[in-house]
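Below: one structure, written as structure tokens.
The values are calculated or read from the model by the stated rules, or taken from the named source; none is laboratory data. Everything numeric here is computed off the predicted structure, so don't read it as measured data. All Cβ positions, even for glycine, are placed from backbone atoms using ideal geometry, and neighbour counts span all protein chains on display.
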Ligand SMILES: [Zn+2]
């Protein structure tokens, strides 16, 4: 009788098994494993669509959670309680996150990144390569500009209190850009040149020129740096910071959380719409909190509102803005809003709350 292929294979295997005892011990587990894989493979092959959908959903979940989650996590990993009372208002305020003492030290200590190859101690804010000009150069370039303010501070405040002055949510000068509000997709503006490669929204040049002149009349030489930042530069600055913290052994989420306190996230920076200017002075050129204690810093905090600018991230309002105190970062909001915001000691977020409630 002619043996079938199956019987012949079986016979050969048995012979082989008798000669090599060790193989017969391994044969059963090997058979079980190979059968398991065979069935698993055919199952996957038969349900290809289902599994690719599952994988996609998993990927989407990972991507979304890694971008939105960090804001609700304190830097030390504890969850931050989200005040539901705030949810009534359409303006969401940044939750007050508690930084651990260790993180506070990291933030305050610029030497934290010492030793990294690409870290430049002289340039903690990544401003190298950005030209700075002092006010005489700026004023020469802006000659012929200037508007002259129409109403005095008192007149503006009176009009606001009496209800005659009402702010308009569609006013381009009031556009709210922060961690919760990214730049609207349809936002457009024209770039104007301050001097050289320093650019900003063209519509603020007159008031900027007036402000620089007024400061000069007081004997103060202001320096303007990095007004408009193209989005690519913001992406670079942010990623750079995240990478540096990760090199210090932080997880991506911790690095992301900490970075968002010092560098604004791409798409959420007022520098990208040309309405923010970093201003220092000839005697103190660094973007450091000490600028607020200089004569120029004090004059700017008090008087920039007369020309439509506000200290966007004031001291003591970190829980509203979600950004550390930055006495050098000025945002243009127009003379009237700037006057009200400065006189009332509020932030742009808080002006928007009023605006929504009226
Ligand atoms: Zn700035």
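For the reader, a short list of remarks on this structure follows.
- Filter result for residue 333 (in contact with a strand residue (DSSP E or B) (Cβ under 9 Å, 6 or more places away or on another chain), within 16 Å of the ligand (Cβ to nearest atom), closer than 22 Å to residue 171 by Cβ and touching a residue at least 60 places away in the same chain (Cβ under 8 Å)): yes
- In segment 303-313, the count of residues that are surrounded by fewer than 23 Cβ atoms within 10 Å (Cβ to Cβ), more than 13 Å from the ligand (Cβ to nearest atom), more than 16 Å from the chain's Cα centre (by Cα) and assigned by TED's automatic domain parsing to the domain that holds residue 156 is one or more.
- Residues satisfying the stated conditions in segment 293-309, i.e. closer than 19 Å to residue 347 by Cβ and part of a loop (DSSP other than H, G, I, E, B): 308
- With respect to (1) surrounded by 21 or more Cβ atoms within 10 Å (Cβ to Cβ); (2) closer than 25 Å to residue 262 by Cα; (3) touching a residue at least 60 places away in the same chain (Cβ under 8 Å), the lone exception for residue 340 is condition (2).
- Counted residues, segment 221-238 - those being away from the ligand (no atom under 12 Å from the Cβ) and in contact with a strand residue (DSSP E or B) (Cβ under 6 Å, 6 or more places away or on another chain): 3
- Filter result for residue 243 (away from the ligand (no atom under 15 Å from the Cβ) and out of contact with any strand residue (DSSP E or B) (no Cβ under 9 Å at 6 or more places or on another chain)): yes
- Residue selection: residue 283 fails the criterion of being surrounded by fewer than 21 Cβ atoms within 10 Å (Cβ to Cβ) and within 12 Å of the ligand (Cβ to nearest atom).
- Among the criteria (1) closer than 18 Å to residue 312 by Cα; (2) without any contact (Cβ under 8 Å) to a residue 60 or more places away in the chain, the one residue 201 does not fulfil is (2).
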